[in-house]
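The values are calculated or read from the model by the stated rules, or taken from the named source; none is laboratory data. Note that this is a predicted model, so its numbers are computed, not measured. Here the Cβ is made from the backbone with ideal geometry for all residues, glycine too, and neighbour counts use every protein chain on show.
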Amino acid sequence: MYTSPDEARSDLFLSVAAYVFGPLILTILVNLIPLDRIPGVSAALALVEPVLFTVAVPFLLIRYRNQSLRDYGLSGADRSLPTGVLVAVPIVLAGLVGAVLAGAAITTAVPLAALGRGSSGGVVTLLVRALFWPCLLLLAAYGTVKARDAFRSHPVTLTETVVRVGRILAIAGGAALALLITSDLITGSGAFDGLTLVSYLLQPAGVVAAVWLALRREGGSTVVSMPLVVTPVVIMAVGPFALTFNAFALITGVYFAALFGGIGLVVAIIIERTRQATGVIVMGLLIALLSLFGGAEVFG
């Protein structure tokens, strides 16, 4: 499955560029050609977008390089499946409890409950989440595999690298949260009451628990390069983060970027320790269907 470093880097950059800039290009096209005025088109675009800008480009590149999906860990059920279920548990619980503490009803905090309500809008939102999360994690998994050929670095143990990168994410996320709380106290907006603060603390705690479980579940002293771990972290982090002149929105973006980057660490651990991606897909589905992890700031 070997590709040259130049080819691997170009494939990786093209895939990430499609994820980052694709939605913007689609928005411009829809504004120029108002297809969303046609009944049903808006829902169709919402369902197509998570696939089109995450896994579509990597799939086409895999076919172009005459590679197999098996080379990227997609070979049916495998030993990564239990790990994917296990690491999803703390993330799902953190998102669920955090949403309830922030004031959401339990039926709202569990997206799967939208099927029982029979609302077409709720069902479309559920389907978008069910597509977005697994596809995004598969993009991160693709980046992890591509980084093996794309970048060269001194070999280090996976655990050491995860701890080092995780420490940076924790500092960035903690600093962003501290700034958000300070801003709330200065302005007196009251956005951060006690329960909302707890919900903001629970989500990173869930990610930390998931990283710890992944390392414990898939034990061993796997030797990797630093870029191999950093790549899925960056892919996951660039989605929630956006440059803006709104200071509050910018800091909030940093918080969620650190949060999603932590899930990128989980993806790197699963892919490197098992060389399989089924667990990554299952983790994404569980997060999407059973919790509002990430919140409206990311998806709405």
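Brief remarks on what is shown
- Selected residue [in contact with a Pro (Cβ under 6 Å, 6 or more places away or on another chain) and of a type in the set (Gly, Ala, Ser)] from Ser15, Ser75: Ser15
- Residue in region 128-147 that is basic (Lys, Arg) and more than 26 Å from Leu292 (Cβ to Cβ) present: yes
- Qualifying positions in region 50-107 - among the acidic types (Asp, Glu) and farther than 30 Å from Pro204 by Cβ: Asp71
- Among the residues making up region 24-49, those that are modelled with pLDDT of 85 or more and surrounded by 13 or more Cβ atoms within 10 Å (Cβ to Cβ) are Leu47, Val48, Glu49.
- Boolean, Leu52 is within 30 Å of Ile106 (Cα to Cα) and surrounded by 15 or more Cβ atoms within 10 Å (Cβ to Cβ): no
- Listed by position, the helices (runs of 4 or more DSSP H) inside region 84-186 whose residues that are modelled with pLDDT of 85 or more and surrounded by fewer than 21 Cβ atoms within 10 Å (Cβ to Cβ) number at least 3 are 120-150.
- A single entry from Thr157, Thr144, Thr182 fulfils the requirement of being within 16 Å of Arg273 (Cα to Cα) and more than 22 Å from the chain's Cα centre (by Cα): Thr157.
- Selection of first residues in region 101-113 that are farther than 15 Å from Leu289 by Cα and of second residues that are aromatic (Phe, Trp, Tyr) and part of a helix (DSSP H, G or I), restricted to Cβ pairs under 9 Å at least 6 apart or on distinct chains, gives the following pairs, ordered by first then second residue: Ala102/Tyr200.
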